[in-house]
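As structure tokens, the structure follows; a few thoughts come after it.
The values are calculated or read from the model by the stated rules, or taken from the named source; none is laboratory data. Only a predicted model underlies this, so the values are computations on that prediction, with no experimental measurement involved. As a convention, Cβ positions derive from the backbone with ideal geometry for all residues, glycine included, and neighbour counts pool all protein chains shown. Each accessible area value is taken on the protein alone, full model and side chains, heavy atoms only, with ligands, DNA and RNA left out. Shrake-Rupley method; radii C 1.70, N 1.55, O 1.52, S 1.80 Å.
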Amino acid sequence: MSLSVYNSLTRRQEAFETVEPGKVKMYYCGVTVYDYCHLGHARACIVWDVVRRYLDFRGYQVRYVQNFTDIDDKILNRARKEDSSMKAVAEKYIDAYFEDMARLNVKEADEYPRATHTMNGIQRLIHDLEHKGYAYPSEGDVYYAVRQFSDYGKLSGRKLEDLQAGASERVDVKNTEYQKKKDPFDFALWKAAKEGEPAWESPWGKGRPGWHIECSAMVRDRLGDTIDIHAGGEDLIFPHHENEIAQSEAVTGQDLSRYWMHNGMVKVNGEKMSKSLGNFITIRELLDKGVDSMALRLLVLQTQYRKPIDFSDRAIAGATNGWHTLKEGLIFGERYGKKLGWKEENTSSPISEAVERFKETVDNDFNFPGGLVILFELAKDLGREGNIIVHEGKTLTASEKLKQQWQTLVTLAGVLGLEAESVATTNEVNNTESGNNNSNVLSDADIEELIQRRKEARTAKDFAQADRIRDQLQAQGVALIDSKEGTRWHRS
Ligand SMILES: Nc1ncnc2c1ncn2[C@@H]1O[C@H](COP(=O)(O)OP(=O)(O)OP(=O)(O)O)[C@@H](O)[C@H]1O
Ligand SMILES: [Zn+2]
């Protein structure tokens with residue numbers, strides 16, 4: 001049993017074999033810091049956080065680097081608008097990033113390089129590219145000569161000829177950058193300083209780096225010439241990652257990354273959620289409204305990481321329901337452990353069958369939705385036992401076995417960063433901030449109670465009342481299944 005990963009570069013699922021056995025070097029193209037993070041960023045950060053956690057769980061020693069793009073036209077525009085500086089804008093949104101990610105229980109990366117801190121590495125790389133004939137200076141700018149790199153297009157599958165056909169209609173020949181390039185496909189590695197913009201000294205004159213070269217330099221500086229996983233959203237495949245490959249591999253002559261992994265987009269009505277399009281909701285807005293941060297994590301993990309997620313209130317409500325079921329299981333020990341005579345020092349190990357099944361499932365290209373099914377099975381069992389304890393003061397399963405189930409659930413949920421405790425804290429903060437207590441979510445005990453009342457109504461032949469209870473449950477996302485054995489329920 002071993003891990004296999006879908007590689008965007010080969011478009012195939014491959015056995016995961018790292019450069020150095022047991023070690024993973026992983027780089028994720030992080031945010032451009034000019035605004036608060038939205039749910040698209042949340043998805044990307046949660047997915048890569050969980051990939052990293054899972055690799056760790058599978059025994060790899062992971063070195064995880066995530067950058068901040070802190071030089072960019074968008075940041076400059078924001079600075080102008082706010083009558084501030086690029087540095088101040090970047091600092092503000094980097095701080096906000098850390099606040100948001102802590103609320104989502106995203107573990108900190110090992111390093112967070114920034115473009116402004118990597119100026120030597122950036123210039124070294126441009127110099128090497130120029131030296132090897134892949135770059136040329138032009139009026140204070142430096143461009144990458146795309147046609148020099150024969151592998152150009154290998155990641156995105158785009159051929160220069162196809163691009164040419166598409167681009168010929170769109171090219172703006174009056175554009176000054178166009179006039180400075182030898183070929184319209186060439187892209188800027190270095191941009192000459194413009195009046196009033198931050199600039200750095202360089203062999204090509206004062207200026208600032210282009211976006212793509214930042215990442216090539218940061219990967220090389222922090223992780224070396226060949227890494228194991230290069231991650232980012234699928235919107236970055238072209239041109240960003242294609243250009244990173246062209247830059248890095250032209251200099252080193254080695255693969256930049258063994259595996260290229262891309263998360264699918266969060267969409268709104270079929271369109272990418274994006275700062276530029278203005279169709280976004282920020283992480284803090286959503287959490288401040290009282291949405292549980294763990295429900296948000298669940299929303300992300302319930303969809304395979306490469307598929308799109310359509311964001312809607314309904315999707316959030318579904319994930320909130322799901323989280324409630326998991327949470328009931330996660331707090332089982334806290335709630336009933338003493339009653340069941342569990343002794344803390346006598347901790348039992350997780351159920352190996354469930355752990356093995358979890359590994360086997362998730363090993364298949366990080367199948368987190370499949371892994372969650374196992375978590376839900378455990379949580380539902382525990383929830384059911386909890387109800388029996390409440391109503392009948394006993395359990396169906398031996399106490400020691402329940403303890404093992406609970407520990408398995410806590411362990412596996414932890415691998416996915418799902419923790420009931422951190423939620424309790426978050427909710428406390430949210431509730432004091434917004435006065436929202438999420439009271440519209442039914443607990444398992446509430447549901448059992450309503451089912452019991454419905455049963456009584458039916459026995460009394462009050463079918464209208466019984467139907468009302470069913471409708472009420474349905475409206476809150478709880479479906480009932482009647483059978484000879486009684487009524488079962490599940491959250492939809
Ligand atoms: N809607 C989305 N769904 C999933 N991932 C996203 C989404 N938007 C951005 N990302 C990912 O988040 C990371 C940081 O993105 P970045 O700061 O470049 O955002 P951006 O694309 O400039 O934002 P926007 O498009 O909203 O202006 C990248 O890996 C990117 O692919
Ligand atoms: Zn990048």
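Once the gyration tensor of the Cα atoms in segment 223-262 is diagonalised, the equivalent ellipsoid follows with semi-axes of 17, 12, 6 Å, ordered largest first.
Please compute the length gained on full extension between Asp225 and Arg458, using 0.36 nm multiplied by the number of residues separating them and subtracting their Cα-Cα distance. Write out the running numbers ahead of the final one.
Numbers: separation 233, 0.36 × 233 = 83.88 nm, distance 7.03 nm.
Full extension of this stretch gives 76.8 nm more.
Restricting the calculation to alpha carbons of segment 327-422 gives Rg and Dmax of 13.4, 43 angstrom. Short-range pairs are left out: with C-alpha atoms under 8 Å and at least six residues apart, the relative contact order of segment 257-323 is 43 percent.
The GluC sites (Glu not before Pro) of segment 55-110 that meet both conditions, a loop assignment by DSSP and at most 13 other Cβ atoms within 10 Å of the site Cβ, are Glu82, Glu108. Annotation for segment 457-484 versus segment 281-297: alpha-carbon center distance of 31 Å.
Mean projected area of the convex hull spanned by the Cα atoms of segment 212-367, taken over all viewing directions: 13.7 nm². Cross-link pairs exceeding 24 Å in C-alpha to C-alpha distance, out of Lys339/Lys380; Lys74/Lys206; Lys343/Lys394; Lys401/Lys455, comprise Lys401/Lys455. In segment 1-82, the inverse of the mean reciprocal separation of distinct Cα atoms equals 15.1 Å; this is its Kirkwood hydrodynamic radius. Hull volume per residue, based on the alpha-carbon atoms of the chain and their convex hull, is 181 Å³.
Across all directions, the average flat footprint of the convex hull enclosing the Cα atoms of segment 188-234 is 4.7 nm².
Its alpha carbons give segment 28-130 an Rg and a Dmax of 15.5, 49 Å. For Phe463, Phe98, Phe187, the ranking by accessible surface with the largest value first comes to Phe463, Phe98, Phe187, using a 1.4 Å probe. Taking one equal scatterer on every alpha-carbon of segment 16-268, how large is log10 of I(q)/I(0) by Debye at q = 0.12 1/Å? Results for segment 16-268 at q = 0.12 Å⁻¹ read -0.74. When all protein chains stay in place and ligands, DNA and RNA are ignored, the 1.4 Å accessible-area order of Tyr178, Tyr64, largest first, is Tyr178, Tyr64. Entry note, the chain: the mean residue ellipticity at 222 nm calculated from DSSP H runs of n ≥ 4, each adding -39500 (n - 2.57), is -15000 deg cm²/dmol after division by the residues and rounding to the nearest 500.
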